[in-house]
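What follows is one structure encoded as structure tokens, with my remarks underneath.
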Amino acid sequence: MREVVPPPGSERAKKFRSIIVRTMTTLIMLALFFLIMAGGTPFVVMLVLVCQALVYREVTALFELTAQSGGRPIEGKGAEKSEDRWSKTLNWYFFAVTNYFLYGESLIHYFKHVVFADAWLTPFATNHRFISFMLYMIGFVGFVSNLKRQYLRQQFGLFCWVHMTLFLIVVSSHFIVNNILEGLIWFWVPACLVICNDIFAYVWGMSFGRTPLIQLSPKKTVEGFVGAFFTTLVFAYILGTFSMRFNYMICPGHDLGVTAWDNVECEKNPVFIWRDLPIGEPLVTILSTWARRPVTSIPVAPFQFHSVVLACFASLVAPFGGFFASGFKRAFDIKDFGDSIPGHGGMTDRMDCQFLMGMFTYVYYSTLIRVNHVTPGSILQIIVSSLGPQEQLELYRELTSYLHGRGLLGSS
């Protein structure tokens, strides 16, 4: 009997088509990403929220309420289908409540000068945490009241799964949005560093990779990991130096109507201010000879150093977010989390490292870089939330008297 041989080059043609699809999708995503970045802070925030919702859907879909006897997804009976629909509804309810709480906190913090100046919004802002807690309690009561004896283990498993997903995804996205509101550069640079590291880990691994890096991802190699590390360091210095030259990138996103084509002015964070760094005698001689003029210092900005620190995290730690996701996929015996991005799998497959990077950037920025100073908005928040009506009127009279005395207000 003649053996059937597959057409020559069929596997190669299949791989080639896969590479073409992956490349075209990547170019389209990059073009959309640059367009969204130029559109302004609201569009970038919306991008993060959409990615967050897609990732949440993909991850929670991995855990389906199963019948205790056979371990198969619920199907067939109307009551069981209703049970599954109710569980999915609760999943999205907890998602909505968590977003309401976290992004409400962000709005109150970054736009307090607007929120506390509006009589309709003020009650929601002053009681935001109580409202959020009561909304969560409604979902909790709904979950407990819907418990069924035959599905107890699966229902509690789903409850824990949803809350873990909320912590890993929604909380991480909240930090990324806070980074955006502090200035687009705190989103732009970390995201690009993760992309750069991912690309060059593949390039160096394909070119020189021989030693496996981790068992969870057999295609990852030590050579690719090390090569991507040094490449990302150089890229971080260049990208950070270039990006900090634009006020659009470094100014906080307090004006939501600003785009890349507008003239933006703000008080710069000290990390973006250039300064001269004195250099020692050997370098003075070398640089003066090379430049053909006296050189006794070199211009530097602290953000260049911070960019390199972010690159170290993006190269050495953030990839483990990808390895963590690989462990998830192996646990559920799936190749990708979904198929929402042709050639790339699901949104989770693209965002696994970004969430970890966003959390680090927020903690790093808020701990070591953020400049805390009193603003009219922060004072207004204290007045509205801490003083009663009579105290507010008394403060108004005393402030008016003070401003009259300074000649800043005309006589009434």
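The values are calculated or read from the model by the stated rules, or taken from the named source; none is laboratory data. Because the structure is predicted, anything quoted here is derived from the model rather than measured. Quick reminder, even Gly has a Cβ in these numbers, built from the backbone with ideal geometry, and neighbours come from all protein chains shown. Accessible surface is based on the protein model in full, side chains and every heavy atom, while ligands, DNA and RNA are left aside. Shrake-Rupley method; radii C 1.70, N 1.55, O 1.52, S 1.80 Å.
So here's what we get for this one:
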item: DSSP-assigned coil residues among chymotrypsin sites (Phe, Trp or Tyr not before Pro) in the stretch 286-358, each with at most 15 further Cβ atoms within 10 Å; result: PHE332
item: Whole-number percent relative contact order across the chain, with pairs defined as alpha carbons under 8 Å at least 6 apart; result: 21 percent
item: Dipole axis of the chain (+1 Lys, Arg; -1 Asp, Glu on Cβ), positive-most option in VAL171, GLY322, ILE382; result: GLY322
item: With every protein chain in place, the chain: carbon and sulfur % of accessible area (1.4 Å); result: 67 percent
item: Interchain or long-range residues, amide H under 5 Å from GLY183's placed H; result: GLY253
item: Cysteines not pairable in the chain (beta carbon separation under 4.7 Å absent); result: CYS51, CYS160, CYS192, CYS196, CYS312, CYS353
item: Cleavage-rule hits, trypsin sites (Lys or Arg not before Pro), the stretch 118-205, DSSP coil, Cβ neighbours within 10 Å at most 11; result: none
item: Stretch in the chain that is longest and holds no GluC sites (Glu not before Pro) that DSSP places in a loop and that have at most 15 other beta carbons within 10 Å; result: 76-264
item: From phi via Karplus (6.51, -1.76, 1.60), per-residue ³J(HN,Hα) for the stretch 170-182 in Hz, x at Gly/Pro; result: 5, 5, 4, 5, 4, 5, 5, 5, 4, 4, 4, 5, 7
item: Residue-normalised accessible area of the chain, expressed per residue, 1.4 Å probe, Å²; result: 60 Å²
item: Euclidean distance between Cα centres, the stretch 191-212 to the stretch 262-293, Å; result: 32 Å
item: Size of charge dipole - the chain - debye, nearest 20, with Cβ of Lys, Arg +1 and Asp, Glu -1, no other charges; result: 1160 debye
item: Expected 222 nm ellipticity per residue - DSSP helices of 4 or more, -39500 (n - 2.57), all of the chain, to 500; result: -22000 deg cm²/dmol
item: Top positive-direction residue, dipole computed over the chain with Cβ charges, set LEU102, GLY257, THR60; result: THR60
item: Prolate/oblate/rounded label for the chain (Cα gyration tensor, a/c 1.5); result: oblate
item: Lys pairs under 21 Å by Cα in the chain, provided they are eight or more residues apart or on distinct chains; result: 14
